[in-house]
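Scroll down for the structure; my scribbles are underneath it.
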């Protein structure tokens, strides 16, 4: 099978690399913290990013930001310069649309195909292979990557390069807004005298039901804010979406308020908590004590 180079084996990347190895792909992985890659079953640890990609037909990049991706991928000593002409780079990180298009141009200059394919589904989706994968790129290239995407989740081709990132920004606005709405609803129910855990149960199956209510709502009622998706990364995405909206002449008032709430959460020490900890910031603003159980 095609060899896969995997760059970034954190909360999401680690289980994704493991699933590719379990599906039969030879996977060479690199991570800045070597021990994270070394703990992955069936995965060969590469000493450098360049070594991870040198013999790979497909390279997956799952780093934390556009800046981190550029630092590892581009430049004379970057991983792209070590890739074999004819190989394909899949950037599955959430990065700005313009960054994805610039990376694609750099790859094209070296006869390397480029696809932007950010994901949604969190740590659970990465472990279970149920990620929603939003893919931007040439249709023929995307079709050929079907076997690579299959162990990771459901891939949907949404348009040319950059379109995957546009879809992910839409996803992130919906997720972030939904988290804040669920947090406000459960806080209102609690302060009004209802059991928020039972209110959550009552809402499931109705029009207010959602993956956010089921997964993040459960975190909220349990006080479990161990990060699956850290809040500090949420503001990266909401900030990117608002900057793009501004460049397009759009005003997104709900997104602006959501972004402000998450920025306050991070400023008040909650950046490393799960993004469901929007509830923690709401409690702080309303002088309601917070109990964090994990």
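Yes or no, residue by residue, for (1) over 20 Å from residue 64 (Cα atoms); (2) under 21 Å from the mean Cα position of the chain (by Cα); (3) in contact (Cβ under 8 Å) with a residue 24 or more places away in the chain; (4) assigned by TED's automatic domain parsing to the domain that holds residue 17:
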{"residue": "173", "(1), (2), (3), (4)": "no, yes, yes, no"}
{"residue": "176", "(1), (2), (3), (4)": "no, yes, yes, no"}
{"residue": "179", "(1), (2), (3), (4)": "yes, yes, yes, no"}
{"residue": "186", "(1), (2), (3), (4)": "yes, no, yes, no"}
{"residue": "200", "(1), (2), (3), (4)": "yes, no, no, no"}
{"residue": "227", "(1), (2), (3), (4)": "no, yes, yes, no"}
{"residue": "236", "(1), (2), (3), (4)": "no, yes, yes, no"}
{"residue": "239", "(1), (2), (3), (4)": "no, yes, no, no"}
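Has segment 221-234 got any residue that is in contact with a helix residue (DSSP H, G or I) (Cβ under 9 Å, 6 or more places away or on another chain), farther than 30 Å from residue 63 by Cα and modelled with pLDDT of 95 or more?
Taking every residue of segment 221-234 in turn, at least one turns out to be in contact with a helix residue (DSSP H, G or I) (Cβ under 9 Å, 6 or more places away or on another chain), farther than 30 Å from residue 63 by Cα and modelled with pLDDT of 95 or more.
Can you find even one residue in segment 99-110 that is in contact with a strand residue (DSSP E or B) (Cβ under 6 Å, 6 or more places away or on another chain), part of a loop (DSSP other than H, G, I, E, B) and in contact (Cβ under 8 Å) with a residue 24 or more places away in the chain?
No, segment 99-110 contains no residue that is in contact with a strand residue (DSSP E or B) (Cβ under 6 Å, 6 or more places away or on another chain), part of a loop (DSSP other than H, G, I, E, B) and in contact (Cβ under 8 Å) with a residue 24 or more places away in the chain.
Residues in segment 155-169 that are free of Cβ contacts under 8 Å to residues at least 24 places away in the same chain and out of contact with any helix residue (DSSP H, G or I) (no Cβ under 7 Å at 6 or more places or on another chain): how many?
So the answer is 1.
Can we say residue 45 is assigned by TED's automatic domain parsing to the domain that holds residue 128, surrounded by 24 or more Cβ atoms within 10 Å (Cβ to Cβ) and touching a strand residue (DSSP E or B) at 6+ places or on another chain (Cβ under 9 Å)?
So residue 45 does not fit the description; no.
Kindly indicate the residue of segment 1-11 that is in a loop (DSSP other than H, G, I, E, B) and touching a strand residue (DSSP E or B) at 6+ places or on another chain (Cβ under 6 Å) and also surrounded by the fewest Cβ atoms within 10 Å (Cβ to Cβ) among those meeting that condition.
Filtering first and then ranking leaves 2.
What number of residues in segment 12-36 are in a loop (DSSP other than H, G, I, E, B) and more than 18 Å from residue 131 (Cα to Cα)?
6
Could you tell me whether any residue of segment 258-269 is in contact with a helix residue (DSSP H, G or I) (Cβ under 7 Å, 6 or more places away or on another chain), modelled with pLDDT under 95 and surrounded by fewer than 20 Cβ atoms within 10 Å (Cβ to Cβ)?
no
Residue under question is residue 214, and the condition is that it be out of contact with any strand residue (DSSP E or B) (no Cβ under 9 Å at 6 or more places or on another chain), free of Cβ contacts under 8 Å to residues at least 24 places away in the same chain and assigned by TED's automatic domain parsing to the domain that holds residue 277; does it hold?
Against the criterion (out of contact with any strand residue (DSSP E or B) (no Cβ under 9 Å at 6 or more places or on another chain), free of Cβ contacts under 8 Å to residues at least 24 places away in the same chain and assigned by TED's automatic domain parsing to the domain that holds residue 277), residue 214 qualifies.
What's the number of the condition residue 172 fails, among (1) in a helix (DSSP H, G or I); (2) modelled with pLDDT of 95 or more; (3) buried (at least 21 other Cβ atoms within 10 Å of the Cβ); (4) touching a helix residue (DSSP H, G or I) at 6+ places or on another chain (Cβ under 6 Å)?
Residue 172 satisfies all of (1) in a helix (DSSP H, G or I); (2) modelled with pLDDT of 95 or more; (3) buried (at least 21 other Cβ atoms within 10 Å of the Cβ); (4) touching a helix residue (DSSP H, G or I) at 6+ places or on another chain (Cβ under 6 Å) except (2).
If the requirement is being in contact with a strand residue (DSSP E or B) (Cβ under 7 Å, 6 or more places away or on another chain) and surrounded by fewer than 19 Cβ atoms within 10 Å (Cβ to Cβ), which of these qualifies: 137, 159?
On inspection, the qualifying residue turns out to be 159.
The values are calculated or read from the model by the stated rules, or taken from the named source; none is laboratory data. Just so you know, these numbers come straight off a predicted model, no measurement behind them. Glycine also receives a Cβ, built like all others from the backbone with ideal geometry; neighbour counts cover every protein chain displayed.
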